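This report concerns only the one structure given below.
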Amino acid sequence: MSAAAGALVVATSNLGKLREIRALLADLPIRIDGLESVPDVVLPEEGDDYAENAVGKARTVALATGRCVLAEDSGLEVAGLAGAPGARSARFGGPGLDDAGRVRALLAALAGMRGPAREARFVCVAALVSASGEVFLARAECRGRILDAPLGAGGFGYDPIFVAEGKQVSFAELPAAEKSRLSHRGIAVRALAPQLRRVLGLQPPNAAMRS
Ligand code: ITT
């Protein structure tokens with residue numbers, strides 16, 4: 001199969017997500033396009049349900065292109081904020097903020113909170129919509145805690161203030177491959193890989209070794 005014939009579109013406007021998803025699927029012999037390949041499409045407004053949001057994004061782009069599309073919706077849920085910002089993580093603190101501004105807003109909201117109040121989890125629901133409209137979902141989470149101040153320059157979003165369970169450094173300080181091994185997005189996207197191979201007509205990963 002040629003690279004173009006198996007092409008997948010990743011429906012995200014977030015370049016951090018796109019980079020991670022491309023790396024997670026790097027062993028597939030396909031070209032993986034971002035939304036630059038479908039310039040006229042507008043992703044739907046998002047609500048509070050990760051799965052609905054993820055399917056909405058993937059379906060919108062699948063309908064516009066007739067291609068196989070992967071999207072995800074994710075967020076950070078903080079115990080001391082009763083699970084906020086959750087599915088609204090990209091908008092936390094109000095419009096016009098960048099990642100650093102949202103990190104500052106989250107740290108301000110947690111000022112004075114210690115211990116269990118700083119426990120948190122990243123959640124991701126990944127949605128795969130095939131060219132014929134079949135839908136597959138995978139949900140995953142990564143537990144950890146929120147630091148008092150940002151650390152590290154890697155990753156994106158809230159990575160500088162999140163430490164995964166069992167780790168001593170923030171997601172922004174971990175090598176990208178190590179973040180993806182542990183992360184909500186890594187687990188959810190890897191869970192969809194068999195369905196992705198199937199709908200794209202690709203061999204299972206070790207088929208060559210068996211034949
Ligand atoms: P698309 O909808 O276009 O995919 P988005 O950034 O708006 O991009 P979401 O609505 O799913 O995506 O928002 C998820 C937000 O949660 C994201 O913008 C980050 O602020 C945060 N987030 C999710 N996963 C993260 C991760 O691995 N590291 C750091 N922050 C993350």
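Observations on the structure shown:
- Gained length - A84 relative to V169, 0.36 nm times residue gap less alpha-carbon distance: 28.3 nm
- Ranking S37, G94, V189 by Cα position along the charge dipole of the chain, where only Lys, Arg, Asp and Glu carry charges on their C-beta atoms, puts V189 farthest toward the positive end.
- Heavy-atom surface of the chain, accessible at 1.4 Å and reported per residue (Å²): 48 Å²
- Here the accessible area is traced with a 1.4 Å probe on the protein chains. For the stretch 115-159, carbon and sulfur cover 55 percent of it.
- Length-normalised contact order for the chain - Cα pairs under 8 Å, 6+ apart - percent: 18 percent
- Residue (of L15, A164, L63) at the positive-pole extreme of the chain, dipole from beta-carbon charges: A164
- GluC sites (Glu not before Pro) restricted to DSSP loop in the stretch 148-192 with at most 14 other C-beta within 10 Å: E165
- Rg(Cα) / (2.2 N^0.38 Å) computed for the stretch 53-106, rounded to two decimals: 1.43
- Cubic angstrom per residue, convex hull over Cα atoms of the stretch 106-199: 108 Å³
- Nearest-ten-degree value, helix 184-199 long axis tilted from longest Cα axis of the chain: 10 degrees
- Each Lys and Arg contributes +1 and each Asp and Glu -1, all at the Cβ; summed about the Cα centre of the stretch 117-211, the dipole is approximately 340 debye.
- Loop-located GluC sites (Glu not before Pro) in the stretch 15-102 whose Cβ has at most 12 other Cβ within 10 Å (DSSP): E45
- In degrees, nearest ten, helix 15-24 long axis to first principal axis of the chain (Cα): 60 degrees
- Rg [Å, one decimal], Dmax [Å, integer] - the chain, C-alpha atoms: 17.6, 61
- Gain on full extension, evaluated as 0.36 nm per residue between L15 and D27 minus their Cα-Cα distance, stands at 2.3 nm.
- MRE, 222 nm, helices only [DSSP H, n ≥ 4, -39500 (n - 2.57), over the chain, to nearest 500]: -9000 deg cm²/dmol
- Working from Cα pairs under 8 Å separated by at least six residues, relative contact order for the stretch 18-135 is 29 percent.
- Efficiency of FRET between Q203 and A176 - r from beta-carbon atoms, R0 41 angstrom, step 0.05: 0.95
- Long-range HN-HN contacts of S183 with modeled amide H, under 5 Å: none
- Separation of alpha-carbon centers, the stretch 99-144 and the stretch 26-41, rounded to whole Å: 24 Å
- Gaussian network model of the chain, springs between alpha carbon atoms under 10 Å - residue of A100, A82, A172 with greatest fluctuation: A82
- Ranked from largest to smallest solvent-accessible area, with a 1.4 Å probe on the protein heavy atoms, S13, S170 come out as S13, S170.
- Cα-based equivalent ellipsoid of the stretch 66-162: semi-axis lengths in Å, sorted from largest, via gyration tensor: 29, 15, 12
The values are calculated or read from the model by the stated rules, or taken from the named source; none is laboratory data. Quick caveat: nothing in here was measured; it's all calculated off a predicted structure. Neighbour counts are summed over all protein chains in view; Cβ atoms, including those assigned to glycine, are modelled from backbone coordinates with ideal geometry. Keep in mind that these areas ignore ligands, DNA and RNA; they rest on the heavy atoms of the full protein, side chains included. Shrake-Rupley method; radii C 1.70, N 1.55, O 1.52, S 1.80 Å.
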